[in-house]
Amino acid sequence: MTFKNIMGITLTVLIALAIFSGFGAFRVVQQMTTPATTNGSAPINRQLGELKEPGLLDGGIRHHSCQGDLLLNREVNNSLLDPLVALIDEDGKAISEAVFFDNQDPRGFVIKIPEGHTGLARMEAPGSYRMHTLLRNNCFYSLFDGALFKGTVRGHAFVLEGEKLPDPEILPETTLIIETANGWREEVATDSTGSFRVSVPPGPFAVLVRSDTHADAFFEDLVGVTGETIERQIILPAGCELEGFVLGENVTLEGAKISMVTSMEDNAEATSVERGFFSLPGLTQGFATIYIQYPGYQEESFNLLVPGDKIGIRKPFLLKPSQEFTATAITEDGTAINNATILVQRQGQKIFEGPIGELNSMNIMAAGQTYLISAQHNLQTGNPATTLVSPRQTWTMPAEGSGKIQLTLRPGGFISGAVLTAQSWQPYGGASVRVTAINPAGEPISEEVIVWCDPYGIFKTPVLPPGKYAVAASHPHYGVRGKLITVGGAGEFSIGTITLPE
């Protein structure tokens, strides 16, 4: 069973229990503009200010200042050592850091938010596990004590029979993906000595160790205890190397796009070079699927068993010439949208996502294969509310002859709601919402959206195509709950309140 399946089953069970156990009525949360009492403690004395006048960041970018208080375990009397609040971009890179007031109030901070930025920030401190939240002015946030998970990652080398096995080598820049049943997920890389250390929430957690040069490893029997240290010395198997050749009709294909999905959900990628050759090292033993694309040829998938007792395997992969395919996107009044973005999926695997014209020029649709296809287009760049979407269509490429599909773009809908805690009715930041599309036909869909709540628990998704969705709200300290909702068309679809245990 794969890492993704194990965590998916856990979340599904928790969501199902929540859906059938019912939820409290929606409760309006008033904005906190004055100091508030936390868990019966004395109120914070510093009066939070209003939003500052817009100013300029480096490079002349307009911004406003946002103030807040960062607590530990929701207690105002607990202080954090060397906390960090950083505004991050879509790739998780810090673009602005908060300044703490120190002598005035060690909990208080102010941070500059560029104009147009959502306010997504990362919060962390030694001894506490990392959290993410949307920043809002005059709000309280909280980190929580965690367990320390640390260790080293090394890797075996493949040796011939009869040769002495050398000591495992240090593996720098190896990625560890850590995930809990409460939806907390973090990635950490080993340093130059192969070492890693990260604070994790208390409770069970799973770790997937990924390396570009060695086979992956998965551990699911780990449990974090607040204030304690878990140390592991991880040694990865050498892994198997696949050497392949992409062939066309009496010709080798240079520049083919190759991707492999293993039983560990590892997405290895390569591009064929001279003579159609490509190489994928460090593959994990087990079943794998290889997806290959080349313009003018039918996209194809090949199942493969990766051995655990061989240093490598070599195989040819033959592609068939494709038939003509055309996709078009129009608005409800018949206007053609030639630069729409199209998404093509097959059996839950993303085959293509990009400009509709690029898909047409590649001409890669496979005869007789069934796809799930949708499209979208933003009428006004920078304004997600103007996004047009098409319903998902199940479409089969003819076994013979050309194929054609037309997608109609309409205003889409979005899901909104509140994620609150059972008693305090405030998550203090850190709550997230995972929205997964459900295909009525039963075919898997590789569409998932994760959005973050503000400190009041309010969330809103991007524009979504019509359809049924599973909405799972989670907080690493409180747990996971979920609901189902149907987006029927344009406009807002409120899921109401999702209440987390406390």
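The values are calculated or read from the model by the stated rules, or taken from the named source; none is laboratory data. Since this is a predicted model, take the numbers as computed values, not measurements. Using ideal geometry, Cβ is built from the backbone for each residue, glycine included, and neighbour counts are taken over all protein chains shown.
One line per residue, one yes/no per condition, for (1) without any contact (Cβ under 8 Å) to a residue 24 or more places away in the chain; (2) among the aliphatic types (A, V, I, L, M); (3) more than 30 Å from P465 (Cβ to Cβ):
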| site | (1), (2), (3) |
| --- | --- |
| G276 | no, no, yes |
| L280 | no, yes, yes |
| E324 | no, no, no |
| T328 | no, no, no |
| E332 | no, no, no |
Selection from the range 294-316 of residues that are assigned to a loop (DSSP other than H, G, I, E, B) and either touching a residue at least 12 places away in the same chain (Cβ under 8 Å) or closer than 15 Å to M260 by Cα (or both): Y294, P295, G296, Q298, E299, P307, G308, K310, I311
Subset tally (residues that are surrounded by 15 or more Cβ atoms within 10 Å (Cβ to Cβ), modelled with pLDDT under 95 and farther than 23 Å from R122 by Cβ) for the range 415-437: 3
Residue among R410, R392 that is surrounded by fewer than 17 Cβ atoms within 10 Å (Cβ to Cβ), of a type in the set (D, E, K, R) and under 23 Å from F493 (Cβ atoms): R410
Of residues in the range 125-182 being among the aromatic types (F, W, Y) and touching a strand residue (DSSP E or B) at 6+ places or on another chain (Cβ under 8 Å), the one modelled with the lowest pLDDT: F140
Any hit, the range 429-444, residues being of a type in the set (D, E, K, R) and not assigned by TED's automatic domain parsing to the domain that holds E353: yes
Residue within the range 399-416 that is over 17 Å from the mean Cα position of the chain (by Cα) and within 30 Å of E75 (Cα to Cα) present: yes
In the range 461-502, the residues that are over 19 Å from H377 (Cα atoms) and of a type in the set (D, E, K, R): K468, R481, K483, E502
The range 130-146, residues that are closer than 20 Å to T226 by Cβ and crowded, with 23+ Cβ neighbours inside 10 Å: M131, Y141, S142, L143, G146
Residues within the range 371-389 that are within 20 Å of E492 (Cβ to Cβ) and either among the polar types (S, T, N, Q) or crowded, with 21+ Cβ neighbours inside 10 Å (or both), tallied: 8
Whichever residue in the range 240-274 is among the hydrophobic types (A, V, I, L, M, F, W, C) and surrounded by fewer than 16 Cβ atoms within 10 Å (Cβ to Cβ) and, among such residues, is farthest from the chain's Cα centre (by Cα): V251
Failed condition for P440, given (1) free of Cβ contacts under 8 Å to residues at least 60 places away in the same chain; (2) of a type outside the set (S, T, N, Q); (3) outside any loop (DSSP other than H, G, I, E, B): (3)
